[in-house]
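Enquirer: Before I ask anything, here is the structure I am working with.
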Amino acid sequence: AANRTAKDYGDGVKAMASDSNASFSLYMAHGGTSFGFWAGANILEGRYVADVTSYDYSAPISEDGTHQVGADGADGFAAVRNALHGTSEEPPPPVFRAYGAVVFEDEADLLAQDATCASTGWRTQEQLGQAHGFINYALTGPFPDR
């Protein structure tokens, strides 16, 4: 569950690991993000609502590779490590660097493209050779049924 305390998370892992017949999975052990447009969406009350892209769910290792901090401010990775009696040496922490200046050299007005489906019909991303992203479909009327 998201936003758990490190203590609750560690206690839960300890309870599962202490059962000699236990089989369990730490979902998620490492947090992450659905990059780009891969996050998807839901329809809520008839409205298209984009998903929040983070899916770390209080994972002991946060998205950036550091120890996750639980809702209680304690170290979630340490709580799980202690619950499993971990003794292996931990890898070195990630090194963070500044990106520096990012210069955008090209641009395109995405809504001013001239492609149409009038002669070929609706086409999927696969048919268009587009591996990811969005396609803006538009339909013009009249719509006698509405």
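The values are calculated or read from the model by the stated rules, or taken from the named source; none is laboratory data. Just so it is clear, the model here is predicted, and its values are computed rather than measured. Neighbour counts run over all protein chains shown; Cβ positions are idealised from the backbone, glycine included. We work out accessible area using only protein heavy atoms, side chains counted, and drop any ligands, DNA or RNA first. Shrake-Rupley method; radii C 1.70, N 1.55, O 1.52, S 1.80 Å.
Enquirer: Is there a residue being surrounded by 13 or more Cβ atoms within 10 Å (Cβ to Cβ), under 25 Å from the mean Cα position of the chain (by Cα) and at pLDDT below 85 anywhere in the range 68-79?
Expert: Scanning the range 68-79 turns up no residue that is surrounded by 13 or more Cβ atoms within 10 Å (Cβ to Cβ), under 25 Å from the mean Cα position of the chain (by Cα) and at pLDDT below 85.
Enquirer: Sort through F96, F104 and tell me the only one that's open to solvent by 60 Å² or more (accessible area, probe 1.4 Å), assigned to a loop (DSSP other than H, G, I, E, B) and modelled with pLDDT of 90 or more.
Expert: Exactly one residue qualifies, and that residue is F96.
Enquirer: How about the range 88-104: which of its residues are closer than 20 Å to H30 by Cβ and either of a type outside the set (F, W, Y) or in contact with a Ser or Thr (Cβ under 7 Å, 6 or more places away or on another chain) (or both)?
Expert: S88, E89, E90, P91, P92, P93, P94, V95 - these are the residues of the range 88-104 that are closer than 20 Å to H30 by Cβ and either of a type outside the set (F, W, Y) or in contact with a Ser or Thr (Cβ under 7 Å, 6 or more places away or on another chain) (or both).
Enquirer: Tally time: how many residues in the range 49-67 are open to solvent by less than 80 Å² (accessible area, probe 1.4 Å) and within 20 Å of Y9 (Cβ to Cβ)?
Expert: Residues that pass the stated criteria total 12.
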